[in-house]
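Working notes, structure below.
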Amino acid sequence: MRSWTDNLRFAFQPVINLTTGGVAGLEILARPESGDILAEARRQPELDLRLAVSAVRAAVRKETLLPLYVNVFAGTLADLGGLPSLHDAVREAGRLAWEVTIDIGPPYTHVPRQALLDAVSALRGQGFRICADGVGDGDLPLRLLVDLAPDLVKLDASLLARPAAVRAMRTLCDQLGALLSVEGVETEGQCSRARAAGAQLAQGELFAPPARLPAADVYVPPRSAEVMAMPPSGPSVREFVRPAALLPATASAAQVRALLTGAPDVSGVLLVDRSGVPVRSVHRSRFLLSLSGRYGHALYADRPAARLGDPPRTVGVNATAWEVLDVVAVGDRGRTSDDVAVVDEHGRCVGVVRLADLLRALAESRVEEAAGLNPLTRLPGSDAVTGEVDRRIAAGRAFALSWLDVDHFKQVNDGAGFAAGDELIRAIGRALQQAATGATRVGHIGGDDFLVLADPEALDPLACTVLDAPWSAGGRPVTLSLATVLCAPGSVADHRQAAACLAPLKKAAKALQGTGWVVGRAGAADHEVRRGSTRTPAPAG
């Protein structure tokens, strides 16, 4: 009698890291030669579970070391709970649970909410990672998505036609501590839009179609210049995470050697304890050099590989690329090429980052940043500040946007000379930079105009530092005008609207006598004068 598995095959589609261009994992897709077994699995939870177990075993037969994405319907989880047989299959295959992400797929309608959340909690307790699949083209309620708190959210590529929705989902993912992926990417334009909207991962025919064998080569379009620009605080380490080669802490040197010789792209192996916490780091070159020496194989092959390892270097998933460089810079210079382990809040390894990936991305960001600097003050232009304004608006953060300039600057130049005027502008730029703290951003728009973005609570100290200084050019006293608009979450749609709110405030500040400062709120008609006084009209006649 023929089994339901006789006409079932599995295909593998790579999930691509859009920052590094590397393969972050493999989604395993059931491909029946006849019939619609997936429709049956949607109705029969036991069949769906057997498909998931078979998918793991199929991956083992292909001897892939990449992390796996296994599909399970939401209804299956609600009916069967934590899927202990899947956990058993992963363990029997010699894989670790945190190397497997459970892709929870729709439909969610009529699925008992609490039963689903309890099942997800059980899976997390076993070490599995959780993905919410089909978001944007399915029936997953936003409230349930937040309650699931997935490690990964997969959006359908059709949403790329609505970039605001993708950016909003990226903001939500940042709040949840999740990565954002787009599936079904078929064109370079879609890939570019996915990057621009903030997606970190993607999959689709553009990179590699599903295939019986895990893809060895994938096509990833080059990053465009507008996508490479990064916030001054540095890109998140999440954007550079690669799959980690993991073995138990008790692994022998022979086991590590077998892994390394069978996977030439693996630069090192992390030895982890039962909880997935890295305990030793084995560097490829140093390890193989030890074994290749005289008597090396005889001395080490059957002994614990930990003896040939080093203490692991680790960073949290919320670290920035600059923080990773700080970790690499500390300690033995001979270990600068070692992978850095990225760990979650429990200390479990979720992947590694390579120094080369970080340096490449940071160098690109610095080139783009340098190209936009004002040659007089070496401050960034308006694009850097307005881009950060849009990021804060998308994140729902309050902010204060200010415009500062010199009163009657043309007269200053005409009276004191352009060299004195240039030195005044440089001095104001230096003062703004020195007064800027934390998340404050300073831009030089051109001429005597500066743009300042700050948190509302950081505004007063900065303004006082700059406005209280005795400014002069060529011995002539100079006054400044400062206009500030306070933007609460949801009060403006983008940086253009914020700038429009700022324009009448600048006009009001310029109408004051002496150094003036005017503060208003987005959407409000009135404003507050914090410095300066109203000009007295000249007497008639």
Review point. What spacing in nm lies between the two simple spin-label points modelled at VAL146 and ALA115, each 7 Å away from Cα in the Cβ direction?
Key: 2.5 nm
Exercise for review: Please report, in debye to the nearest 20, how large the charge dipole of segment 373-534 is about its Cα centre when each Lys and Arg carries +1 at its beta carbon and each Asp and Glu carries -1 there.
Suggested key: 60 debye
Review point. Per Stokes-Einstein, at 20 °C and 1.002 mPa s, what whole-number D in µm² s⁻¹ belongs to segment 8-223, with the Kirkwood radius over Cα pairs as the hydrodynamic radius?
Key: 123 µm²/s
**Study point:** Positive-end residue of LEU271, VAL317, ALA253, charge dipole of segment 246-359 with Cβ unit charges
**Key:** ALA253
Practice item. Grab the other residues whose beta carbon is less than 10 angstrom from that of VAL23, score K and R as +1, D and E as -1, and report the net. Key: -1
Check your understanding: Could you state the number of Å between the C-alpha centres of segment 78-144 and segment 252-326?
Key -> 31 Å
Exercise for review: Positive end of the charge dipole of the chain (Lys, Arg +1 and Asp, Glu -1 on Cβ, about the Cα centre): tell me which of THR484, VAL146, ALA244 has its Cα farthest that way.
Suggested key: ALA244
Review point. Mind listing the phi-derived Karplus ³J(HN,Hα) values for segment 494-504, rounded to whole Hz, using 6.51, -1.76 and 1.60 with θ = phi - 60°, and x for any glycine or proline?
Key: 7, 5, 5, 5, 4, 5, 5, 5, 7, 4, x
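Can you give the local net charge around SER402? Use residues other than it whose beta-carbon is closer than 15 angstrom to its beta-carbon, Lys and Arg +1, Asp and Glu -1.
0
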**Study point:** Fully extended contour minus Cα-Cα distance, from SER275 to GLN434, at 0.36 nm per residue
**Key:** 52.7 nm
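In deg cm²/dmol and to the nearest 500, what is the mean residue ellipticity at 222 nm of the chain if only DSSP H runs of at least 4 residues count, each as -39500 (n - 2.57), divided by the residue total? Working shown, then result.
Details: 19 runs with 202 residues, N = 541.
Per the formula, -11000 deg cm²/dmol.
Counting pairs of Cα atoms in segment 373-534, how many percent are more than 25 Å apart?
Details: 3370 of 13041 pairs.
That tail contains 26 percent of the Cα-Cα pairs.
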Exercise for review: Any chance you could give the angle, 0 to 90 degrees and rounded to 10, that helix 382-394 forms with the longest Cα principal axis of the chain?
Suggested key: 60 degrees
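Treating only the Cβ of Lys, Arg, Asp and Glu as charged (+1, +1, -1, -1), what charge dipole size does the chain show about its Cα centre? Round to the nearest 20 debye. Can you show the working numbers first?
On the way: 57 positive and 60 negative charges, 170 e Å.
Result for the chain is approximately 820 debye, rounded to the nearest 20.
How far, in nm, would the chain grow between ASP422 and GLU205 when pulled straight, counting 0.36 nm per residue and subtracting the alpha carbon separation?
The span from ASP422 to GLU205 would gain 72.6 nm if fully extended.
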Study note, to complete from the structure: Once the in-chain neighbours fewer than 8 apart are removed, the lysines whose Cα is under 25 Å from LYS510 read LYS410
Practice item. Please compute the Cα-Cα pair-distance distribution of the chain with 10 Å bins starting at 0, giving whole percents from short to long. Key: 3, 16, 22, 20, 15, 11, 7, 4, 1, 0, 0, 0
**Study point:** Options GLY198, CYS501, LEU299, ranked by Cα towards positive dipole end of the chain, top entry (Cβ charges)
**Key:** LEU299
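Please give me the summed charge of the neighbours of ARG129: other residues whose Cβ is under 14 Å from its Cβ, Lys and Arg +1, Asp and Glu -1. All intermediate terms of the calculation are to be shown ahead of the outcome.
Numbers: positive: ARG95, ARG124, LYS154, ARG238, ARG348; negative: GLU27, GLU99, ASP103, ASP133, ASP151, ASP344, GLU345.
The answer is -2.
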Check your understanding: In what sequence do PHE207, PHE240, PHE287 fall when counting other Cβ within 10 Å, fewest first?
Key -> PHE287, PHE207, PHE240
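Coordinate-derived values only; no laboratory data. Keep in mind that what you see is a predicted model, and the values were worked out from it rather than measured. A quick note on method: Cβ atoms are made from the backbone with ideal geometry, for glycine too, and the neighbour counts reach across all protein chains shown.
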